[in-house]
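Notes to accompany the following structure.
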Amino acid sequence: MSMKRTFTRRELLRLMVAGSGAAVLAACGTQGGQTGTQATQAPAVVGQPGSKVKITYWGSFSGNLGEAEQAMVKAFNEAQDEVEVEYQFQGSYEETAQKFTAALQANTTPDVILLSDVWWFGFYLAGAITALDDLARQVNLDFNDYEPVLLNEGVRKGVHYWIPFARSTPLFYYNKDIWAEAGLPDRAPETWAEFSEWAPKLVKSDGSRSAFGHPNGASYIAWLFQGVVWQFGGQYSQPDFTMTMTDPNTLRAAQFYQDTVVKNKWAILSPNLNQDFIGGAIASMMASTGSLAGIQANATFPVGVGFLPQETNFGCPTGGAGLAVVSRAPAEKQLAAMKYIAFATNPTSAGVWSRSTGYMPVRISTKQTPEMIEFFKQNPNFKTAVDQLPKTRAQDAARVFVRNGDQIIGKGLERIIVNGEAPSAVFADVNNELTEGARPILEDLKAREG
């Protein structure tokens, strides 16, 4: 492994459009939870004796999520005397990735970095993040205890490059007071057909409240629509990057989305989905489990959550961010960075992080700890995403691996919903754009993986 790899201009330019940054909302939610002060409970790190190694960590969370992230760093620094992590907030997922791209050009990179599900792959292709298996062995990190559906997303050719940390799925959120007022059962709808029957009862005739909200943003909507496409039997693409945006079932899902706003008029496009839900402008929504703690803390009504509705199938994507070690970091700093990753994702820390934010515990054993069992008992909404996790899957390559694929799909959906254009015509354009976008990825994959 080369510590001073020189990046070509072509690679760096590609990195700058390696994914869609608006995925910060899709992947994590913008609402924070508790401050994460419990992080001091995490166990100490055991390593080699010697002088303290100082490393830099680039994070992407603000508000209460940022407080929880910083509390994790503080707990690590206090738990051992071999490594000192300096936390540096870089902005959103997109801003962090853009700054990392610039840092690669300027040779001013951090040592460990948080990267979203639509960003890590581009940096992997360029060799900007390093293989973690040997580092994991040196710190006695056992990958077998991580949730497989989350861990395997960061694996290429049997090698780990991206470790799950702030991982999420969408949930169906609903306002229990409005549900009761409408005489509906206290649960999420089992199918979209069922919800289509419920929705008119949730709408206010004066236009002050809609039954459901879609995010008015090119990225968040593409993440949420991923699950709906699967529910209707379609997909964005096949694993080999063959695009399937014109598949009849994909188009059927797009027509459903359009009808909720244009024809049936029980849904709206919201510029701030979580705030509209908290404020009562919408009675329900799909949103990240990473928003759960913040939504519950700010809502003036009891919040209900449930699995996503089914249609032909059940469908729910994973999302969120993971941790990676930077290839250019010296060997001792790479090892120090891996010690931090091992700490931040160990069974105890994973529980602290989950309880503080709403993100899913990334370790299997965390769910069996007395703290999590009691927490789930007192906070059943937080267990919903954990129960749904075995039914989820990684997103289609078209959104997370094709550069700007996330925004390409999202903008297509906006044309369908806002402009009322025919899904078949719009998604034909999207299919062509994604196919073109996949060509350099396939070239890079061949060069990187053979």
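Being on the phi > 0 side of the Ramachandran plot and free of Cβ contacts under 8 Å to residues at least 40 places away in the same chain is the filter here; which residues of the range 62-91 pass it?
Initially, the range 62-91 is screened for residues on the phi > 0 side of the Ramachandran plot, giving 63, 91.
Scanning the range 62-91 gives a single hit, GLY91.
Can you spot a residue in the range 317-329 that is more than 30 Å from ALA102 (Cα to Cα), in a helix (DSSP H, G or I) and either of a type in the set (Gly, Ala, Ser) or in contact with a helix residue (DSSP H, G or I) (Cβ under 8 Å, 6 or more places away or on another chain) (or both)? Steps first, answer last, please.
Looking only at the range 317-329, we keep the residues that are more than 30 Å from ALA102 (Cα to Cα), and these are 317.
Keeping just the survivors that are in a helix (DSSP H, G or I) gives none.
No, that holds for no residue.
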| field | Counted residues, the range 427-443 - those being buried (at least 19 other Cβ atoms within 10 Å of the Cβ) and either over 17 Å from THR246 (Cα atoms) or aromatic (Phe, Trp, Tyr) (or both) | value | 2
| request: Quick one: count up the residues across the range 277-316 that are open to solvent by less than 10 Å² (accessible area, probe 1.4 Å) and in a loop (DSSP other than H, G, I, E, B). | output: 5
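I'm checking my understanding of the structure. Among residues of the range 92-109 that are of a type in the set (S, T, N, Q) and either without any contact (Cβ under 8 Å) to a residue 40 or more places away in the chain or assigned to a helix (DSSP H, G or I) (or both), which one is surrounded by the most Cβ atoms within 10 Å (Cβ to Cβ)? Steps first, please.
Of all residues in the range 92-109, those of a type in the set (S, T, N, Q) come to 92, 96, 98, 101, 105, 107-109.
Add one more test, that the residue is either without any contact (Cβ under 8 Å) to a residue 40 or more places away in the chain or assigned to a helix (DSSP H, G or I) (or both), and what stays is 96, 98, 101, 105, 108.
Working: THR96: 26, GLN98: 19, THR101: 23, GLN105: 13, THR108: 11.
Residue satisfying both the conditions and the ranking: THR96.
What residue, of SER365, SER424, is small (Gly, Ala, Ser), open to solvent by 20 Å² or more (accessible area, probe 1.4 Å) and more than 30 Å from ILE221 (Cβ to Cβ)?
Values: SER424 fails: more than 30 Å from ILE221 (Cβ to Cβ).
So the residue among SER365, SER424 that is small (Gly, Ala, Ser), open to solvent by 20 Å² or more (accessible area, probe 1.4 Å) and more than 30 Å from ILE221 (Cβ to Cβ) is SER365.
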| note | Those residues of the range 200-213 that are assigned to a helix (DSSP H, G or I) and either buried (at least 21 other Cβ atoms within 10 Å of the Cβ) or in contact (Cβ under 8 Å) with a residue 24 or more places away in the chain (or both) come to a total of 2
| Identity of the residue in the range 181-199, surrounded by 14 or more Cβ atoms within 10 Å (Cβ to Cβ) and among the hydrophobic types (A, V, I, L, M, F, W, C), that ends up nearest to PHE256 (Cα to Cα) | TRP192
| task | May I ask you to list the residues in the range 130-161 that are open to solvent by less than 20 Å² (accessible area, probe 1.4 Å), of a type in the set (A, V, I, L, M, F, W, C) and under 19 Å from the mean Cα position of the chain (by Cα)? | result | LEU150, LEU151
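In the range 60-116, which residues are of a type in the set (Asp, Glu), within 20 Å of the chain's Cα centre (by Cα) and over 18 Å from SER354 (Cα atoms)?
Let us first name the residues in the range 60-116 that are of a type in the set (Asp, Glu), namely 67, 69, 78, 81-82, 84, 86, 94-95, 111.
If we keep only those that are within 20 Å of the chain's Cα centre (by Cα) too, we end up with 67, 69, 94-95.
Scanning the range 60-116 gives GLU94, GLU95.
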| field | Answer from PRO248, PRO271, PRO239 - the residue that is without any contact (Cβ under 8 Å) to a residue 60 or more places away in the chain and under 22 Å from GLY320 (Cα atoms) | value | PRO271
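The values are calculated or read from the model by the stated rules, or taken from the named source; none is laboratory data. Not measured: the values here are computed from a predicted model. No Cβ is skipped: glycine too gets one built from the backbone with ideal geometry, and neighbour counts run over all protein chains shown. We work out accessible area using only protein heavy atoms, side chains counted, and drop any ligands, DNA or RNA first. Shrake-Rupley method; radii C 1.70, N 1.55, O 1.52, S 1.80 Å.
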